[in-house]
């Protein structure tokens, strides 16, 4: 394509640069017959060799690109009447065909008497039947289809590579192009959004923008510095449009130099290097279908095949629906739309839908941009029928508008924050909390109900049995490890047990590694009426401190620092009859059983904990590591005296109802969602 | 009721109401209550550690400097200096020494403790549940003990199989067998029951705290009625 674009011809009448294959000057309509020349033909009048002429005419016959519409319309008649029909048409078209074409035909007739092409053509006509034609047509269609698919794959790969390109700043190639094309949109977004200034905003396709777009589309082949030539965006295969073009139209319309093979459609099958298209500009692009059919037969199968293929290609040109037009164009447009939707609709489309309500001005601007594009298209061509290339330009314009909107939204929040809850969820939680509060408050105001005398759980009964066996003077080590938030539950459980032990005359030693328990534990100390003066000792180092005091030994050179601050030192558990862990953490109980208890396996360990820990420490009771434990509100020893059982029951009942309702609602929602999924499927 | 106790009770009631205001959303009162809680807890903890740990265990032994306890006291001082150096220098290599020592010590203790304090006793507990003396009572089978023992064994195997089967199906593209899925589902049932029990315990703990707080507020209000 680049070679073709570089070949220009100057019109002798007006000096206009024309494409090499142009039949007429695109400005003045002057027939460019003197410009018609072959590479291997001496224009000074020297006779070309028969072989060269034959090759040129053969390639002319195989060319599918540059056959005008007039020839296509009359091709069917020519095929039906290969001999007589051509003669009549030559005589009928003699007045309309230019002189250069007549000379070409003359040379072709001269060549027919001895040329190989004519012989091959005659052989082809003799042997071609209707069945063979259909087979050849089918085979050719398959070949074209394969070429087209291969080209499509390569084009997609190329597009993907271009899309993935980023510059040193990490800006994608497509984004940089849009920014360059629309600097005004980025620099002044408010100007776009302001309705009062919207009319004055120049959003039309300017000459510079179109030149820039053309330059990017055709690359280095486009040189805006050259003499501008208006080309009506028509290829040489449609000379009628060029004939209708007037000087006035070219005067006020924007003047661009557009190569004849320029289009916004990515390179399609015609750009594929196949045998059906000559690539050199000097080759006969101006093949006239009215050339005389071959007269001499040729039995050479190769020549016959080539000639037959050339005729079939010519047939395809004559019937565009078989090759490029009609449904093929629609299919290609659909493919373009599909690509656009695949690449951008998933991401851009969703964001635009979300922003549709927020950015009505931009949506209106998109619609207005579409209207302006229509006006541009109308002004560019007097034809009612819009050139497909311009339709694609409008498609690109819409894409640019979409991407511009995205650029404007850079830095703005487009999705809700994750922790941001909706109003309905907040309202539901508030209603649930108020319901729970109301139930608990009412039950508390009504006062405690009758004692339920719930049976003790097995671990609680074991704890009660173990503590009852303690004798007066025995020492119980109470290890405190709980926080203020759970102190109410812990104290309700532990206080009756400690009071009962103190009543039995048991001695206590309170230790803790939590600073807050130094004053929280004071609520658990036995009453002064019992005559016990107990203080809480702080064990630094947490579990490691306990381990040092239980598993360590006193060195010969003196006392370790921790032995200095803890009375008794490493004999913390030596004089202890029972260990009672009061903790709200199941991990602390487990760590004690794992790290401390194995050093004194004969020392029974009890635990008082919250209901949270009940399920976690139960296995240690089953394994015998815990001699008993007291956990949770119900079943706890002494709960009936201090805890408000009614409030507890009301709270649990409300939560159970809420959970059941939640499960039912969730099941219904899942079922509805499943039904919707089936309906969509 | 003494005046100090009255003021403390009033402060407790006000703080409780400020925490309850979180039902209406994250607001200023809830934030104030949280800041007060964090500030008071941190300040109190710092005071306790200084008076009960740093001074008696780090500073006081230095008085007997030539002796071994004083030399031993230099070790935590050195570690403390290394940890503090991380606050003033970008490199944390120096602070990594005491942290590495502590982490390694805890890891070793945890491994040994879990093996000796959890795995071995729990496995022995499962085996002992099939003790003939437990499953037979007065010459007759104790069906309750037998059922409990088998359920315990089934739960352990099913849960272990669930995790093993889950990791295996993640790494393979083959469709699992039906019975494998079914047995894995049994493990899921046991896990679900465990989580349900933990959730009930968590809610019970929170409900106890709520009842205690509301009870204090109601008692405080009743004082003025």
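The values are calculated or read from the model by the stated rules, or taken from the named source; none is laboratory data. Please read all numbers here as calculations on a predicted model, not as lab measurements. Neighbour counts are summed over all protein chains in view; Cβ atoms, including those assigned to glycine, are modelled from backbone coordinates with ideal geometry.
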Q.
Step by step: first the residues of the range B:150-165, then only those that are farther than 27 Å from residue B:131 by Cα and loosely packed, with under 14 Cβ neighbours inside 10 Å, then the one that is modelled with the lowest pLDDT. Which residue is that?
A. B:164
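When you check residue B:31 against the structure, is it more than 11 Å from chain A (Cβ to nearest Cβ) and surrounded by 12 or more Cβ atoms within 10 Å (Cβ to Cβ), yes or no?
Yes, satisfied.
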Q: Could you tell me which residue of the range A:466-502 is farthest from residue A:582 (Cα to Cα), considering only residues that are in contact with a helix residue (DSSP H, G or I) (Cβ under 7 Å, 6 or more places away or on another chain) and assigned to a loop (DSSP other than H, G, I, E, B)?
A: A:470
Q: Return a yes/no flag: does the range A:503-519 have any residue that is within 12 Å of residue A:538 (Cα to Cα), within 11 Å of chain B (Cβ to nearest Cβ) and assigned to a strand (DSSP E or B).
A: yes
**Q.** Members of the range A:552-565 found to be touching a helix residue (DSSP H, G or I) at 6+ places or on another chain (Cβ under 9 Å), surrounded by fewer than 19 Cβ atoms within 10 Å (Cβ to Cβ), within 14 Å of chain B (Cβ to nearest Cβ) and part of a loop (DSSP other than H, G, I, E, B), listed by number
**A.** A:552, A:554, A:555, A:557, A:558, A:559
**Q.** Evaluation of residue B:48 against (1) within 27 Å of residue A:564 (Cα to Cα); (2) over 30 Å from the mean Cα position of the chain (by Cα) (one fails), failing number
**A.** (2)
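I'd like the full set of residues that are more than 7 Å from every other protein chain (Cβ to nearest Cβ) and under 19 Å from residue B:17 (Cα atoms), limited to the range B:180-219. Spell out how you get there, then give the answer.
As a first pass, look at the range B:180-219 and keep what is more than 7 Å from every other protein chain (Cβ to nearest Cβ): B:180-193, B:195-196, B:199-200, B:206, B:213, B:216-217, B:219.
B:206, B:213, B:216, B:217, B:219 - these are the residues of the range B:180-219 that are more than 7 Å from every other protein chain (Cβ to nearest Cβ) and under 19 Å from residue B:17 (Cα atoms).
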Q: Go through (1) within 19 Å of residue A:541 (Cβ to Cβ); (2) surrounded by fewer than 12 Cβ atoms within 10 Å (Cβ to Cβ); (3) at pLDDT below 85 one by one and return the number of the condition residue B:72 breaks.
A: (2)
Q: With respect to residue B:108, determine if the residue is more than 9 Å from chain A (Cβ to nearest Cβ) and either within 23 Å of residue A:599 (Cβ to Cβ) or in contact with a strand residue (DSSP E or B) (Cβ under 7 Å, 6 or more places away or on another chain) (or both).
A: yes
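Assigned to a helix (DSSP H, G or I) and either under 24 Å from the mean Cα position of the chain (by Cα) or at pLDDT below 90 (or both), is that true of residue B:96?
Values: assigned to a helix (DSSP H, G or I): yes; either under 24 Å from the mean Cα position of the chain (by Cα) or at pLDDT below 90 (or both): yes.
Judged against the criteria, residue B:96 is a match.
Among the residues of the range B:56-69 satisfying the criterion of being in a helix (DSSP H, G or I) and within 10 Å of chain A (Cβ to nearest Cβ), which is surrounded by the most Cβ atoms within 10 Å (Cβ to Cβ)? Show your work before the answer.
Let us first name the residues in the range B:56-69 that are in a helix (DSSP H, G or I), namely B:56-64, B:68-69.
Next cut, within 10 Å of chain A (Cβ to nearest Cβ) only: B:56-58, B:60-61, B:64, B:68-69.
Numbers: B:56: 16, B:57: 18, B:58: 16, B:60: 16, B:61: 24, B:64: 13, B:68: 14, B:69: 20.
Residue satisfying both the conditions and the ranking: B:61.
Going by the structure shown, is residue B:10 in a helix (DSSP H, G or I), touching a residue at least 40 places away in the same chain (Cβ under 8 Å) and within 26 Å of residue A:437 (Cα to Cα)?
Working: in a helix (DSSP H, G or I): yes; touching a residue at least 40 places away in the same chain (Cβ under 8 Å): yes; within 26 Å of residue A:437 (Cα to Cα): yes.
Answer is yes for this residue.
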Q. Can we say residue B:97 is touching a helix residue (DSSP H, G or I) at 6+ places or on another chain (Cβ under 6 Å) and within 30 Å of residue A:546 (Cα to Cα)?
A. yes
Q. Quick check, is residue B:52 at pLDDT below 85 and either closer than 30 Å to residue B:15 by Cβ or exposed (fewer than 11 other Cβ atoms within 10 Å of the Cβ) (or both)?
A. no
